[in-house]
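The values are calculated or read from the model by the stated rules, or taken from the named source; none is laboratory data. Because the structure is a prediction, the values reported are computed rather than measured. When we count neighbours, we look across all protein chains shown, and the Cβ atoms used for this are built from the backbone with ideal geometry, even at glycine. Each accessible area value is taken on the protein alone, full model and side chains, heavy atoms only, with ligands, DNA and RNA left out. Shrake-Rupley method; radii C 1.70, N 1.55, O 1.52, S 1.80 Å.
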Amino acid sequence: MRRTVEGILVVHDHGHPHILMLQIANAFFKLPGDYLKPGEDEIEGLKRRLDDRLAPPPESRQFSQPVHGVDNDWEIGDCLAQWWRPNFETFMYPFVPAHITKPKECKKLFLVQMPEKSAFLRLLVDISVLELFSFCRGTCCTKEYEVIGHSIV
């Protein structure tokens, strides 16, 4: 079974919670994370993927202070969601359907505690949690965050 982990990076901007996402294309947003190696621990695998995707290289002299997230220094919190893919379709469910004996994928979403200051290698887009809720309820015509919003909410 394929296992996937993703991190929900939450920051507060002007007193409102925002979620940091990677912008892959003009209208495609993704939570940072990826597939795990066989036998790899979920927390350690998420830390490794966050280091690969977001943390500046350790030999970088761009930042004079110690940088959060370098050398596997991520603070991984609770598992917020677990999704199952019963077959090779795009749909995922929050449960394993009764007729499925071997699901094809398990995806877990973990809360990642963010410090007051951080430096990232890639550009992250902060999206208001209120904006995610409004997209999930269908009040806006744009569906940029629909997949992410449905998996978190």
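The residues of the stretch 78-112 that are open to solvent by less than 30 Å² (accessible area, probe 1.4 Å) and either under 30 Å from His12 (Cβ atoms) or of a type outside the set (A, V, I, L, M, F, W, C) (or both), listed by number, are Ala81, Pro86, Pro97, Pro103, Glu105, Leu109, Phe110, Val112.
Asp51 satisfies every condition listed in (1) open to solvent by 30 Å² or more (accessible area, probe 1.4 Å); (2) at pLDDT 90 or above except (2). Counting only residues that are among the aromatic types (Phe, Trp, Tyr) and touching a residue at least 12 places away in the same chain (Cβ under 8 Å), the stretch 69-112 holds 5 of them.
Identification of strands (runs of 3 or more DSSP E) wholly contained in the stretch 75-153 with 3 or more residues that are at pLDDT below 80 yields 124-128. In the stretch 11-20, is there at least one residue being of a type outside the set (A, V, I, L, M, F, W, C), at pLDDT 80 or above, in a strand (DSSP E or B) and within 17 Å of Trp74 (Cβ to Cβ)? Checking the stretch 11-20: not a single residue is of a type outside the set (A, V, I, L, M, F, W, C), at pLDDT 80 or above, in a strand (DSSP E or B) and within 17 Å of Trp74 (Cβ to Cβ).
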